[in-house]
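Shown next, in structure tokens, is the structure this report addresses.
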Amino acid sequence: MSTNARKSLYQFAYARSPDQDAPSPVRRPVVVIGAGPVGLALALDLGQRGVPVVVLDDADRIGEGSRGICYAKRTLEILNRLGIGAKCLEKGVTWKVGRVFQGEEALYSFDLLPEGGHAMPAFVNLQQYYLEHYLVEAALANANVEIRWRNKVIAIAPRNDGARLTIETPDGPYDLDADWVCACDGARSPTRAMLGLEFMGEVFEERFLIADVKMTGAFPTERWFWFDPPFHPGRSALLHKQPDDVWRIDLGLGAEADAAAEQRPERVIPRIEAMLGHSDFALEWVSVYTFQCRRLERFLHGRVIFAGDSAHQVSPFGARGANSGIQDAENLAWKLARVVRGEAPPALLDTYERERVAAADENIGHSTRSTDFIAPRSPQETRLRDAALALARTTAFGKRLVNSGRLSTPSVYADTPLTTPDRDDWGGSARLGGPLPDAPLVDRDGRAIWLLEALGGAPTAILARAGADLVETPPGVARLVIGEDVRDEAGLLAQRLDLTPGSACLVRPDQHLAARFRRPSAADLAAAAARMLGGTP
């Protein structure tokens, strides 16, 4: 699709809201600031849970340029639950293999999803404007979600019971009250600035050239990363395939590079010609970036909640930006929905901050270590990196030391009050506090389904019957009985969750494992469910 065609398809008209004509500010349960992937995913998730949401965005179109492109398996599972997973798979480029080179030599390859029996692949590459378009389509089809384009928040006044927003529009400003405000307005978050909040962390000076190139290439659909490539000596290079015969190229430039000069075609084109060995390509998008590994100290500030890049920032190595932001949205949506509906106290939202701050710290740690390895900042770091690369040629130990970007994996909420500690021994691949691994099942009608599809977004007890006995499920918790509601014909569900007759697993609305028992009583499940959903055990 041409750039002009995208502009036409992804541009939206400003429409005057009745709220602008009200004699006093209208009050809304939830206002989301920012119609990027995180804000849209959060709004859609809340809307599907029955919560009315207003999304405010200062633009009238979906952003141009590919920007984020790599969406990990867990993110794809979330998008599938929101109803757009199939579109992402159909349009995107699926991959799971990566290769690491030094110079012209291939050091090793890796497989991010070596086992079968999962609905979603390890990764899909998809230009961000496609993802945003699918999210906008789904949001517009949901009666609970309203998107207001060219509505720029210019002031925010926090209150004990919410916040008042002042919004600039083509028709002039108006005020809007909100019980809860979710700031998903990106790395340069105006909301964060208006509240006087500062990031803490590290700013990197290394500059990188990022270019999307349209061409027909013979490269496989894999992630290729070079240290010291012959076409770009002394630096790094990354190559990824996207839909529409577009390829993402990322080249390290050094801290002293002139950002404006490096984006000029007369500088970009020769670099890419050297990499590809030909000039049969067209530039779609070019940018030079630096990055930060930083976060807010706290993500909750009264009734204003930060998610995605407005709350934390990482380097692009490892695809941890958009993936962690969408996982923020999933964690927040079900908790905020329960609070808005009066099903849980506002204190439940403290666990959003606790869990996602820990996830941000994990991602920042991985991102910082990747950057230090890819772009060493001292002779000592360079010697260590080169020694690891030399070892990687011949040893498995050396390969583990090489860090070309630890690719995004979902966080396991190991330290959260919502989880009931294990009292039994467990095997399998499921981890307490982590998202459930998927598995193929067969439903009552003989239809093939997936475990995560069967769970949806409801709190659920997975029960393995022991003869005629079946433990009582707590009120407000759905149940999925193995052998009745679904059949585990491949045996992968029992294997991955280590289910035995009489076992029970409690799953949160975001599909993370909250509790598991070998032989629970009804009281055990009731206490664990209360803890999981924000009550007391």
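Hey, any hits in region 14-29 for a residue that's within 19 Å of Cys184 (Cα to Cα) and at pLDDT 95 or above? Looking for residues that are within 19 Å of Cys184 (Cα to Cα) and at pLDDT 95 or above, one finds at least one in region 14-29, hence yes.
Within region 374-384, at least one residue is open to solvent by 30 Å² or more (accessible area, probe 1.4 Å), of a type in the set (S, T, N, Q), free of Cβ contacts under 8 Å to residues at least 40 places away in the same chain and in a helix (DSSP H, G or I). Scanning region 169-192 for residues that are within 29 Å of Arg67 (Cβ to Cβ), in contact (Cβ under 8 Å) with a residue 24 or more places away in the chain and either of a type in the set (Gly, Ala, Ser) or open to solvent by 50 Å² or more (accessible area, probe 1.4 Å) (or both) turns up Pro170, Ala178, Ala183, Gly186, Ala187, Ser189, Pro190. Give the residues of region 354-371 that are surrounded by 20 or more Cβ atoms within 10 Å (Cβ to Cβ) and of a type in the set (Asp, Glu), sorted by residue number. Correct list: Glu355 only. Within region 198-241, the only residue that satisfies the criterion of being over 30 Å from Ala311 (Cβ atoms), in contact (Cβ under 8 Å) with a residue 60 or more places away in the chain, aliphatic (A, V, I, L, M) and surrounded by fewer than 19 Cβ atoms within 10 Å (Cβ to Cβ) is Met215.
Among the criteria (1) open to solvent by 10 Å² or more (accessible area, probe 1.4 Å); (2) more than 14 Å from Leu418 (Cβ to Cβ), the one Leu336 does not fulfil is (1). Put simply, of Leu513, Leu451 the only residue that is touching a residue at least 24 places away in the same chain (Cβ under 8 Å) and touching an Asp or Glu at 6+ places or on another chain (Cβ under 6 Å) is Leu451. When the residues of region 63-102 are filtered to those that are touching a strand residue (DSSP E or B) at 6+ places or on another chain (Cβ under 8 Å), open to solvent by less than 20 Å² (accessible area, probe 1.4 Å) and part of a loop (DSSP other than H, G, I, E, B), which remaining residue is nearest to Ala41 (Cα to Cα)? This residue is Ile69. Would you be able to tell me the number of residues in region 140-168 that are in a loop (DSSP other than H, G, I, E, B), closer than 22 Å to Ala311 by Cα and open to solvent by less than 50 Å² (accessible area, probe 1.4 Å)? Count: 1. Looking across region 389-411, just one residue is under 24 Å from Cys70 (Cβ atoms), without any contact (Cβ under 8 Å) to a residue 24 or more places away in the chain and surrounded by 15 or more Cβ atoms within 10 Å (Cβ to Cβ), and that is Leu401.
Being of a type outside the set (S, T, N, Q), open to solvent by less than 50 Å² (accessible area, probe 1.4 Å), touching a Ser or Thr at 6+ places or on another chain (Cβ under 6 Å) and under 29 Å from Ser189 (Cα atoms) is the requirement here; does Arg248 meet it?
Considered against the rule, which asks whether it is of a type outside the set (S, T, N, Q), open to solvent by less than 50 Å² (accessible area, probe 1.4 Å), touching a Ser or Thr at 6+ places or on another chain (Cβ under 6 Å) and under 29 Å from Ser189 (Cα atoms), Arg248 comes out as no.
The values are calculated or read from the model by the stated rules, or taken from the named source; none is laboratory data. Because the structure is predicted, anything quoted here is derived from the model rather than measured. Note: ideal-geometry Cβ built from the backbone for every residue, glycine included; neighbour counts use all protein chains shown. With ligands, DNA and RNA removed, areas are computed over all heavy atoms of the protein, side chains included. Shrake-Rupley method; radii C 1.70, N 1.55, O 1.52, S 1.80 Å.
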